[in-house]
Amino acid sequence: MARGSGLRFGLDRLLESIGDLRGRSYGLLSHQASVTSDYRLAHLALSAAGARPERLFAPEHGFYGVEQDMVAALEASDPLSDLPVVSLYGETEDTLRPRKDALSGLDLVVIDLQDAGASLRGRRVSSVSP
């Protein structure tokens, strides 16, 4: 996106009203394409604005999009923020939705996923409540 084009991403709009998230316990379902219009990763931009997520949720192919197709993404800490990363994609149908303990203590989950529309299966399963 060219700077000055007037186009704003949803994440940019959320950052303009960041007070709505401050003080809330929330998770962030996003991936490597979840960026602001100036290319800051969503979880880092939200943290810098004073609204750090409690945990990150990773869709199919993992949080940074490097996991192989049909292979469960490993759960670990994000190397840039040290936030825990919970995979929403596994090898069996039972592992294709969040575990109840992964949502425990959260007020809400913010979802910021960009897609070309070619993989609806992963999005549909990732955003369904347990």
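Only one of these is modelled with pLDDT under 90, under 17 Å from residue 10 (Cα atoms) and not β-branched (Val, Ile, Thr): 20, 94, 101, 112. Name it. Lay out the reasoning, then the answer.
Values: 94 fails: under 17 Å from residue 10 (Cα atoms); 101 fails: under 17 Å from residue 10 (Cα atoms); 112 fails: modelled with pLDDT under 90.
The conditions single out 20.
Under 14 Å from the mean Cα position of the chain (by Cα), surrounded by 21 or more Cβ atoms within 10 Å (Cβ to Cβ) and not aliphatic (A, V, I, L, M): which single residue out of 31, 61 fits that description?
Values: 61 fails: surrounded by 21 or more Cβ atoms within 10 Å (Cβ to Cβ).
Result of the check over 31, 61: 31.
Consider residue 48 against the criteria (1) over 20 Å from residue 103 (Cβ atoms); (2) surrounded by 20 or more Cβ atoms within 10 Å (Cβ to Cβ); (3) not aromatic (Phe, Trp, Tyr): it satisfies all of them except one. Which criterion is unmet?
(2)
Give me the residue from the range 78-100 that is without any contact (Cβ under 8 Å) to a residue 24 or more places away in the chain and loosely packed, with under 12 Cβ neighbours inside 10 Å and, out of that set, nearest to residue 66 (Cα to Cα).
Within the range 78-100, the subset without any contact (Cβ under 8 Å) to a residue 24 or more places away in the chain is 79, 82, 90-95.
Now restrict to residues that are loosely packed, with under 12 Cβ neighbours inside 10 Å: 79, 82, 91-94.
On the way: 79: 14, 82: 18, 91: 16, 92: 20, 93: 21, 94: 22 Å.
Filtering first and then ranking leaves 79.
Scan the range 81-91 for residues that are modelled with pLDDT of 75 or more, out of contact with any His (no Cβ under 9 Å at 6 or more places or on another chain) and not hydroxyl-bearing (Ser, Thr, Tyr) and jot them down. Spell out how you get there, then give the answer.
First pass over the range 81-91, keeping only residues modelled with pLDDT of 75 or more: 81-89.
Applying the additional criterion that residues be out of contact with any His (no Cβ under 9 Å at 6 or more places or on another chain) yields 82, 84-88.
Those that are modelled with pLDDT of 75 or more, out of contact with any His (no Cβ under 9 Å at 6 or more places or on another chain) and not hydroxyl-bearing (Ser, Thr, Tyr): 82, 84, 85, 86, 88.
Please go through the range 36-59 and give me each residue that is within 22 Å of residue 75 (Cα to Cα) and in a loop (DSSP other than H, G, I, E, B), ordered by number.
If the condition is that a residue be within 22 Å of residue 75 (Cα to Cα) and in a loop (DSSP other than H, G, I, E, B), then 52, 53, 54, 59 are the ones that fit.
The values are calculated or read from the model by the stated rules, or taken from the named source; none is laboratory data. All of these numbers come straight from a predicted model, not from anything done at the bench. Every residue, glycine among them, receives a Cβ derived from its backbone with ideal geometry; neighbour counts consider all protein chains shown.
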